[in-house]
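Student: Below you will find the structure I want to go over with you.
Each value in this text was obtained by applying a stated rule to the coordinates, not by laboratory testing. No experiment lies behind these values; they were computed from the predicted model shown. Neighbour counts are summed over all protein chains in view; Cβ atoms, including those assigned to glycine, are modelled from backbone coordinates with ideal geometry.
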Amino acid sequence: MSQTLEGLAAIVNEVAGTPIEDITAEKSFVDDLDIDSLSMVEVVMACEDKFGVSIPDGEVKNLRTVGDAVAYIDAQS
Amino acid sequence: MTDSTRRVVVTGLGATTPVGGDVATTWAGLLRGRSGVRMLEDERYTDLPVRFAGQVAVEPLEVMDRVEARKLDRCQQLALIAAREAWADSAQPDLDPERLGIAFATGIGGIVSLLDNYDTLLARGWSRVSPMSVPQLMPNGAAAWVGLDLGAKAGIHTPVSACASGAEAIGYALEMIRSGRADVVVAGGTEACIHPITIAAFAAMRALSTRNEDPTHASRPYDLGRDGFVMGEGAGALVLESAEHAAARGARIYAEVASVGMTADGHHIAQPDPEGAGAARAMRLALEGAGASPTDVIHINAHATSTPQGDIAEATAIKSVLGTSVDDVAVSGTKSMTGHLLGGAGAVESVAAILALHNRIAPVTANLENPDPEIGLNVVSGEPRKLRDGDAVVLNNSFGFGGHNVALIFRSV
């Protein structure tokens, strides 16, 4: 597990309660992880704080899976 | 179609209060005179004239999942805890969701979440304000969460009438079933607004007791030494059900919700009418609606907030309504132990009134050491009091800033 994935998994676990081991790259935030649009805002805020990146609103719709988010964060940082 | 003869009964009770984390613990505490009022230890209260309040006996996180709790304002957490207990206590009626309604009140709503998010806005800017802050602050949030939890679709409602809100919700639920809109309604009230600004604001009205040296004795309805109310937090919930529906499923029935009387004082934004005329009208309307006479009343759970004027105004109203029967009616002021739960008060005190009727025992009024001679009621103090058997009704009064008066009558079954 990459450090980014590990950090993101901790955030998703905090927001949605999903077990850490179930939070893998191919999982969809909405379909698999019980993250609705409001929870997604919380995930984005926490990612910005944790990884020191900026994730504009226009970008959030492209972050469908955990892997998408990890790739975006890694490219920014 | 409204059918005022449709009987409505109570089949489930729930509560989380400063005296106990559920109905059984709260009720046992109210019979023993146990105070739930404690010092506020947070340093933000140090310079305030009031540094104590009735804080819930069981923190929500002790009985609620962390992930669920973090989405909710504290008043919503307490509402869900009480509503789930009431629903379980009613043995979870199985019905069409479109026949299940919610009437869950609050006087203040999610003000602490709002304030916390304002602090975040000032410290870190708008981008760190929680996306849950609107659902947390909206006054209908607690009712909406209870409705989502139970899948209720007949309608979700939040009466707001300050300290009468919880009782008004029960009245609304009664009318919802009588009007044919629902067969079962979860009704209640919740409040969790203990915060330096609310303490300061009520203190600015000179409405709060300032007995900082002795908080468990600060709420003392009907006592000559009373000097204001004590803020409290908590929630109460009732499952109301049409009598036919309850009978068809063989439900355990605590009492009938016989009627509600609601009036307005038209007197002052925050002072009670000294004669209690509006309160008396509410009680008379409730008695008429129930087809009951003063001699049928065995117990009153009074509003009795422990303010110098309010207790006298209510007592005056009670005496004018009950006449010579007043000496036979056991009056209890349970805010002496819980503090004043504001929008939760009418619901928690209805739970207490129903249990008093069901178990035929009236809870105590704690801290009554020097009875105010102007009160002139038969107040239960010291020990709980046995109530007579046979057909009877009990009354629960709730009044709110703004001049709201709600009197509920529960009848034995």
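Student: Would you mind checking which residues have amide H under 5 Å from B:ALA330's amide H? H placed 1.01 Å from N; only 5 or more apart, or other chain.
Tutor: Counting only residues 5 or more places away or on other chains, the set is B:HIS299, B:ILE300.
Student: When averaged across all projection directions, what area in nm² does the alpha-carbon convex hull of the stretch B:260-411 cover?
Tutor: 7.8 nm²
Student: Additional query: List residues of the stretch B:84-104, by number, whose backbone nitrogen lies under 18 Å from a label position 7 Å along Cα→C-beta of B:ARG252.
Tutor: B:84-94
Student: A follow-up question, please. With springs only between Cα atoms under 10 Å, which of B:HIS195, B:HIS245, B:HIS268 fluctuates most in a Gaussian network model of chain B?
Tutor: B:HIS268
Student: May I pose another question? Tell me, what is the FRET efficiency for A:GLU48 and B:LEU61 to the nearest 0.05, using R0 = 30 angstrom and their Cβ-Cβ distance as r?
Tutor: Details: r = 27 Å, r/R0 = 0.89.
Efficiency, rounded to the nearest 0.05: 0.65.
Student: Follow-up question, since we're still on this one. In vacuum, with every alpha carbon of chain B counted as one equal point scatterer, what does the Debye formula give for log10 I(q)/I(0) at q = 0.08, 0.10 Å⁻¹? Two decimals, please.
Tutor: Here log10 of I(q) over I(0) equals -0.37, -0.59.
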